[in-house]
Amino acid sequence: YSDLYAPVVKGLALKYGFDAARKLYLDALGPLGPDYRKQAQKAFEQRWIDVYPTPGKRSGAYSSGGAYDVHPYVLLNYNGRFDDVSTLAHEMGHALHSDYANRSQPYPLAGYPTFVAEVASTFNETLLIHRMLDEIKDDDVRLSLLMDYLDGIKGTVFRQTQFAEFELRIHEKAERGEPLTGDTLTSLYGDILKQYYGHDAGVCRIDDLYAVEWAYIPHFYYNFYVYQYSTSFTAATALAEEVRGGRQDAARRYLDFIAAGGSDYPIELLKKAGIDVTTPEPFQKTMAAMNRTMDEIESILARRGNR
């Protein structure tokens, strides 16, 4: 299981200063037009972003758009890895979602539901990775970036669905009046983890110690949050395919979507943007993107031989 987190290219450490990260991110926003890029530039110029780790600062990254009459705030712990550049894009997606909604909607309708919250963040990440891949030709760097994107699909569509199944099973146990002890949750999580990763089929060995991983996931203490990462990722991928493909009005529909805030039900907001998540199409487009990524990874590996 731990091998899933090993770097794919030995000795390659992509490092980006924050100024370089800002440029990469802003350049990636081209398909959305000048207004979106202008608002993103404002975030950097007006210090919406707390960038670096400092003593006592909480870990991770976060965006808050709750200061309706001011502007969104972004918390990062930037360390210069490509993951940190991607995290910047992710949190800025949230921030610009809030910015557009706050400027377009009255206060009661500006806040958007969780179901669409992760669409904008993941959409920004997708624009970034494709911009990088458009520019970079070196096989080792491409391989690293492609694997990063593939890990994103695994970690979001696959792993969050696994999390959602565990969460559902917890609540089903509670509804049946069964006790939820630490041992019970560990056993349940371990069974699901082994099923998803093919432990019994010899695909990926899951040591027993990983069965307690559930205790580390804060989202299990919320109310059915994790499945929405998967649905949002597929919706964002479908949106990005349309925008990057130059489909008529796709960029405008995306900007209308983030400006709508919470003025309609989530599925209706996405339908207006051109994405119907009640159909298999967003998932199918995500799987097509995944397959393209794996095809190129295999092609590069074949060229590299045993290096």
So LEU4 and TYR52, fully extended at 0.36 nm per residue minus their Cα-Cα distance, gain in nm 14.5 nm
If you take the square roots of the eigenvalues of the alpha-carbon gyration tensor of the stretch 192-247 and sort them as a ≥ b ≥ c, do you get rounded (a/c under 1.5), prolate (a/b over b/c) or oblate? oblate
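Accessible area per residue, 1.4 Å probe, Å², for the stretch 33-103: what's the number?
Per-residue value: 48 Å².
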Report relative contact order for the chain in percent, whole number only (criteria: Cα-Cα under 8 Å, sequence separation at least 6). 21 percent
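Using the reciprocal of the averaged 1/r over all distinct C-alpha pairs, how large is the Kirkwood radius of the stretch 12-132 in Å? Show your work: numbers first, answer last.
Numbers: mean 1/r = 0.0684 Å⁻¹.
Radius from the Kirkwood sum: 14.6 Å.
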How would you classify the stretch 48-200 from its alpha-carbon gyration tensor, with a ≥ b ≥ c the square roots of the eigenvalues: rounded for a/c under 1.5, else prolate if a/b is greater than b/c, otherwise oblate? oblate
Considering only TYR216, TYR78, TYR100, give the residue with the highest GNM mean-square fluctuation for the chain, with springs between Cα atoms whenever their separation is below 10 Å. TYR216
The farthest towards the positive end of the charge dipole of the stretch 128-173, of the residues LEU133, LEU168, GLY155, given +1 on Cβ of Lys and Arg and -1 on Cβ of Asp and Glu, is LEU168
Can you tell me the relative contact order of the stretch 61-154? Whole percent, Cα pairs under 8 Å, sequence separation 6 or more. 24 percent
With a ≥ b ≥ c the root eigenvalues of the C-alpha gyration tensor of the stretch 173-307, is it rounded (a/c under 1.5), prolate (a/b larger than b/c) or oblate? oblate
Which of GLU242, GLU91, GLU175 ends up with the largest GNM mean-square fluctuation for the chain, with Cα atoms connected below 10 Å? GLU175
Over the stretch 88-174, what per residue volume does the convex hull of the Cα atoms give, in whole Å³? 107 Å³
With a sphere of radius 14 Å drawn around the Cβ of SER64, what net charge do the other residues whose Cβ falls strictly inside it have (Lys, Arg +1; Asp, Glu -1)? -3
Quick one: Cα centre-to-centre distance for the stretch 275-291 and the stretch 168-183, in angstrom? 33 Å
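The values are calculated or read from the model by the stated rules, or taken from the named source; none is laboratory data. Remember, it's a predicted structure, so these values are computed and weren't measured experimentally. Counting neighbours? That spans all protein chains shown, and the Cβs are built from the backbone with ideal geometry, glycine included. Accessible surface is based on the protein model in full, side chains and every heavy atom, while ligands, DNA and RNA are left aside. Shrake-Rupley method; radii C 1.70, N 1.55, O 1.52, S 1.80 Å.
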